[in-house]
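These notes concern the structure reproduced below.
The values are calculated or read from the model by the stated rules, or taken from the named source; none is laboratory data. Nothing here was measured: the structure is a model prediction, and the numbers come from that model. Cβ atoms come from the backbone with ideal geometry, glycine included; neighbour counts cover every protein chain shown.
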Amino acid sequence: MDTEGRAGIDRVATSLTEAWNARDGLAFANCFTTDADFVNIFALHVVGREAVAKQHQFIFDSICRGSRITFSILEARALADTIVLAHIAADLRVPEGPLAGEIKTLASAVLVRDDVGWLIASFHNTREQQPSGPPERNDRVLGRNEGSCAICDAQMTSAAD
């Protein structure tokens with residue numbers, strides 16, 4: 001991806017950040033295509049810019065009231081001249097309510113470029129969290145100890161074939 005393309009992708013992250021922090025659902029949704037797919041951290045799937053705007057305005061006015069966020073592009077890879085796969089990190093701070101505290105997420109996003117610039121066509125957001133359970137089990141689940149999880153080893157072996 002060229003420097004100009006990457007700068008455009010970074011502008012999308014900046015626009016998302018500015019819209020969220022302004023609590024402006026419409027401005028947030030304007031970063032998306034009219035037919036975009038959006039999956040939030042609770043696996044709620046909405047389709048279309050209008051639905052993205054409505055969903056975000058609702059959370060800006062309720063469970064994320066007063067929150068601040070920073071979106072940043074961790075990596076972006078061109079799939080074609082006008083299509084990019086990006087991984088977007090978010091650091092959200094919510095002052096009160098059911099989501100109070102810091103929430104970190106990682107989204108996989110497909111962006112498309114038109115005559116105006118880059119827009120998000122698909123955004124699948126995942127909350128960063130440790131699996132529940134004892135640490136030794138978590139290490140096996142996360143693949144930290146090679147050879148410690150027969151199922152994981154079998155999956156990695158078949159994936160390599």
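Please specify each residue of the range 9-60 satisfying the condition of being among the polar types (S, T, N, Q) and closer than 17 Å to VAL116 by Cβ. Spell out the reasoning first.
First, the residues of the range 9-60 that are among the polar types (S, T, N, Q): 14-15, 17, 21, 30, 33-34, 40, 55, 57.
Of everything in the range 9-60, those that are among the polar types (S, T, N, Q) and closer than 17 Å to VAL116 by Cβ turn out to be THR14, SER15, ASN30, THR33, THR34.
Can you work out which of the residues in the range 61-84 that are in contact (Cβ under 8 Å) with a residue 40 or more places away in the chain and under 23 Å from ARG113 (Cα atoms) is surrounded by the most Cβ atoms within 10 Å (Cβ to Cβ)? So, considering only residues that are in contact (Cβ under 8 Å) with a residue 40 or more places away in the chain and under 23 Å from ARG113 (Cα atoms), the one surrounded by the most Cβ atoms within 10 Å (Cβ to Cβ) is VAL84.
Has the range 121-134 got any residue that is of a type outside the set (A, V, I, L, M, F, W, C) and at pLDDT below 70? Walk me through it before giving the result.
Taking the range 121-134 as the starting set, the residues that turn out to be of a type outside the set (A, V, I, L, M, F, W, C) are 122, 124-134.
Among the residues that remain, those that are also at pLDDT below 70 are: 133-134.
So far as the range 121-134 goes, yes, one or more of its residues are of a type outside the set (A, V, I, L, M, F, W, C) and at pLDDT below 70.
Of all the criteria given as (1) in a loop (DSSP other than H, G, I, E, B); (2) small (Gly, Ala, Ser); (3) modelled with pLDDT under 95, the one not satisfied by ALA159 is (1).
If you go through the range 6-17 and keep only what is surrounded by 15 or more Cβ atoms within 10 Å (Cβ to Cβ) and either charged (D, E, K, R) or outside the structural domain of HIS56 (by TED's automatic domain parsing) (or both), you end up with ARG6, ASP10.
Considering the range 94-114 alone, what residues qualify as being surrounded by 14 or more Cβ atoms within 10 Å (Cβ to Cβ) and either free of Cβ contacts under 8 Å to residues at least 40 places away in the same chain or not basic (Lys, Arg) (or both)? Matches in the range 94-114: VAL94, LEU99, ILE103, THR105, LEU106, ALA107, SER108, ALA109, VAL110, LEU111, VAL112.
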